[in-house]
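See below for the structure under consideration.
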Amino acid sequence: MKSTKLLFTFLVFCTLNFIALSQNCQIKKAPFFENFDKITFSSGTAQNGGSIDSCWQRSSANTYYWRVGPASSRTPNTGPQNDHTTGNGKYMFTEINGINYYPITTELKSPLIDLDTLNNPKLTFFTHLFGLSIASFKVHINNGSGWNLEYSITGPQQSSRADAWDKVTINLSSYLGDTIQVRFTGEKVPYAPGPWAETDMSIDDFRISNDTACETPQNLTISFETDVKAGIKWISGGANNWNVSYGPTGTSAQNGILINTATPHVILSGLTPSSSYDVYVRDSCAPGQVSSWFGPISFITDCSPVLAPFIENFDSANFSVYNSFPPCWKRKTTGGDFYFLARQGPTFHPSTGPSGDHTTGNGRYVFSVRSGGSGSPVYGAASFKTPLLDLSNLTKPSLSFWYHMYGADIDSMAVFVESKDVSKKVLSLIGQQQFSNTDAWKEMEIDLSGFKDDTIEVAFTSYKYALTGTKTNVAIDDIAIEEAPICPKPYVLHAEKITGTSVTLGWSAATPSSWQLKYRPTASSGAFTFISTANNPTTINGLSPRTEYEFYVRDSCIAPNTSQWVGPLVITTDCPLYNIPFYENFDSTAWVPGVSLSNIGNEISPCWNRPDSLAPHFGVMTGATTSTSTGPANGSGGTGKYIYTEASGTNYPTTGEITSPQIYINPLRVNPRLRFGYHMYGSDITSLEVEVGNENGFTNVHTFTGAQQTSSTAPWKYHLVSLAQFSGDTIQVKFKGNFSGFNGDVAIDDFLVTAKHCPLVSTSFTDSIHFLQANFVLDSTNSNDSLYWDFGDGTDTSIVNSSHVYDTAGTYTVKLLAYNNCGNVDSTIKTITVCDSLWADFNITQVGDTVIFTANPTPGQTIYYWDLGNGKDTVGSEIKYSYQNHDSVKVGLTVVNICGDSVSLFKVVRLCLPPEALWSYHIVSTTSSGMKVQFDGTNSKNAVIYHWSFGDGDTAIGAMPLHTYVTPGLHYKVILTVKNRCDQQNLKSGKLSEIGLPELKLESLLDLFPNPSNGKFTLTWTSNEVLIKSIQLIDISGNPLYRQEINKEQNGIINIDVSQIPKGNYVLKIQTLSGIVNKPVVISP
């Protein structure tokens, strides 16, 4: 019975012709899955509709139809951002081609699908309905008995491209055992003049399978692939365990290698390099309960790594012109019709790309190209990657390549190095780097030492920014990955500034270093000029204006190593900066008239500028212009050349322009002015505008309105324009001829910028100031006719050298002005300070051994300097000082004010330290003839005169008198009066019994022997009360002859050797802590 039903179904399909299948398209067995990613689904363009698998059917690909997405050009505000399966795959969507209101529906039909293998069939698919002109979306199913509506939804369901896809599930239990066909119908809103194209209804991941409690996983994607591994991941249908099946492309899920996993991702290993694989996944919800398989998705493993060094010049047959890259190279685009191709010779778009390859000039290179129609993304990107490269064989890996970037639509070019899932940008070049297709290729070297021992891919990415522009050719050639040179070359040699006499060059280098530059005119075959520099950029001066030079640079590194030369960089220096007077009558050979009605081929001097050489812009002519009823008959002098706007062969109204060279208006020139001749004959002349420009832009200085002559033979007229406002500026003059028709020729001749010479004035002066008087002396002056002094106190004079006395002290600003008769002026300004008169005086006070010097105040003083007369000096208003061993000194005081004025005063100061009388005595002997006493006044201080009164009526002079008392006794009162050098005196008196008792006791403790001796004595003592500090041998006049300091530990004995002293009577002065003991000694032979 079932077989009869199937036969009947087949008959109905064939008879009613519900679907037209190719002879090779057989009925599909469920489960069935289609994600539209196979190569049989191709997007094509909006004009040709692309192609779909032959087992699917769609409405005519004409005005409104189902098309494979994503499209190369995307309609704004409709459709999804990406497909549902992986985010990088394909899907089906409704496309509208042109502004068409009908038809309003379009259909897409699936293959015939046999459900006999399913016991609980269901249909699932995903939709994305974003677009204001979407009316409805419907799904019908036909099992041979007609189309049944199974699903319908109205209007857009998503509000942006980035919104998630919706899942739709249709139960097919009513079709159990049938063979069915599914039809998707999109309906757009008719008469939608605004968003008429916003109609994209999209479907993806069409699946017919058993409806089980175990849902099918989704979004199976490849996370990475290498030559032998691939990572896959998915979104679970709800289970926590999954089955993965994979194998070479064409392997079914049932026949693949099976992996069980508890994570929603897995790494497939042991793969074959450069091989294509299919992979599937399903949920494993419970033992015996699994979902339908999701998949397959396909991927290709990478090639095996190539061991560096690696070189590619794209000349092999693997890089076929207009064909795909070799399998181990990868290409990618985000711009739809923007990608890399191989090419030989010039590229096929004008004004972009090189004229040939770099290697030989006749080989191949790769370049980014935009092809197809308009509408690719504004900021599209195209890229290609090298094969995997193993750098382990290189000690210091380096990447080098040559590039050519000519094209106004080029945004930038970047180079990335990818390693271990990390991508690092190693270079970015902004904008075009060449400016014609014949410009030389440029080389780039990049240090890859940071990737040593890695396996890498190098990606080159070209970015464009024009929506429809085709000037996007970024070309690459001669890629090499090899050992870096000992001294790497600089790269990106470029000009940063160009003047008439100098060029500032810059470049990039691996490390800061020192460099060598060489250059010469390109027309020269002579020697180069060499420059060594540590500066980048570097300015080269002394060049000739309007001259073409070739420049090279190399890295010096560490001697003796140098890199290869990089270059040539060909640069033409600017025109010179002209000085006034500047004259141009357009008669030199640099000015060449053109031919024909539009003056084609005319040439102007290279230092004049115009937008281009074609009409309407100023060109060169001799004789009459080619148009009738307009223009002059000849140049201003009746012969010669002139410049004019050619009004023929252009659209009206329009403007012709020409701009002069740069001209410096020297401020030493008086009354600068512009003079020119003009001829404006023609009924269509609107105006002639004259503009003068400086660094702040152009300013209109005069406008002529309408025709100024009535015939071509009418005399030329001349106009004068003051340029005083531009004195000191560098200017250019621009002429703009405006006209509205054929009779609009505006002519210029005898261009002159001039001025009267006025010499520059310069002046300076010096000043000398003494208290309130200032003297001013003119140092120098140049080209002045008059002088003027302003003294800053309200007075002035015109005397050349002037002396001025100020009334009060203070600070004044003095100004000297120098003029000449043509208006130039110079000034010198100085600030001076004048002060009141000074005087110096001081008082002297002596307190003990200290002298006090006190300065008397004086107006305006700032500091007191003291000369103390002994080589010392100091500062201050009061000084205290103690002199040593000076009878008198000459002390000076100098007073200084803020003006630097000074006065001085010197005084002689007698220096006498106060005397102090001190004496002691020693009883030499007591006999019947009397008591002989030795007196000692040498311990007195600052004494020069000693006067003794012995208390018995006798006196004596001297430091150590020997006196005999007739009657022995200690009741005598002795007075010692001493005087210092200044005759100041001091006395000490006392009875012998008062003065001598301690000394007598101390003397009894000391024993000196032998005495007399030959000069060798021994001093002994036994008491601990004796502590000797020093011993001194003095003669009878008190003069010291020998002294010995006793610093060592004392043990009751001191040996004294004065045998070198002549024989005679002396006194041994013994200084102890308890006092002084004098012992007479005799030195005998």
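Read-outs: derived from the displayed coordinates by stated rules, not from any lab. The shown structure was predicted, so the numbers you read here are calculated from the model rather than taken from an experiment. Every residue, glycine as well, gets a Cβ built from its backbone with ideal geometry; the counts of neighbours run over all protein chains shown.
So the values come out like this:
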item: Electrostatic dipole magnitude of the chain [Cβ: Lys, Arg +1; Asp, Glu -1; Cα centre; debye, to 20]; result: 1320
item: Size of charge dipole - segment 842-910 - debye, nearest 20, with Cβ of Lys, Arg +1 and Asp, Glu -1, no other charges; result: 120
item: Pairwise Cα inverse-distance average, inverted: Kirkwood Rh of the chain (Å); result: 43.7
item: Segment 822-901 and segment 667-696: distance between their alpha carbon centers, rounded to Å; result: 72
item: Value of Rg to Rh for segment 149-269 (Rh from inverse mean 1/r over Cα pairs, i.e. Kirkwood); result: 1.05
item: Within segment 306-485, percent of DSSP bridges classed antiparallel, to nearest 5; result: 95
item: Farthest positive-ward along the chain dipole, Cα basis, beta-carbon charges - from P309, L108, V825; result: P309
item: Nearest 10 degrees, 0 to 90: helix 2-16 Cα axis against the chain principal axis; result: 90
item: Among V228, Y463, T811 the positive-end extreme of the charge dipole of the chain (Cβ point charges); result: V228
item: Centroid-to-centroid separation of segment 206-285 and segment 419-435 [C-alpha atoms, Å]; result: 35
item: Segment 612-762 shape via C-alpha gyration tensor axes, a/c threshold 1.5; result: prolate
item: Order of R161, R331, R67, R364 - criterion: other Cβ atoms within 10 Å of each residue's Cβ, fewest first; result: R331, R161, R364, R67
item: Convex hull volume per residue in cubic angstrom - Cα atoms of segment 459-597; result: 245
item: Nearest-20 debye value, segment 578-757 charge dipole, Cβ charges on Lys, Arg, Asp, Glu; result: 440
item: The chain, relative contact order [Cα under 8 Å, separation at least 6], %; result: 4
item: Ranked W402, W839, criterion: other C-beta atoms within 10 Å, fewest first; result: W839, W402
item: Nonlocal amide H pairs with V306, under 5 Å, H built at 1.01 Å; result: L388, L389, D390
item: Euclidean distance between Cα centres, segment 552-622 to segment 128-174, Å; result: 67
item: Cβ-based exposure ranking for F586, F739, in which fewest neighbours within 10 Å come first; result: F586, F739
item: Cα gyration tensor shape for segment 842-910, rounded if a/c is under 1.5, else prolate or oblate; result: prolate
item: Acute angle (nearest 10 degrees) that the helix 992-1004 long axis makes with the longest principal axis of the chain, alpha-carbon atoms; result: 70
item: Cα gyration tensor, segment 412-529 - rounded (a/c under 1.5), prolate or oblate; result: oblate
item: Residue-averaged 222 nm ellipticity for the chain, from DSSP H runs of 4+ at -39500 (n - 2.57), nearest 500; result: -1000 deg cm²/dmol
item: Amide H contacts under 5 Å for S514, placed H, 5+ residues apart; result: S556, C557
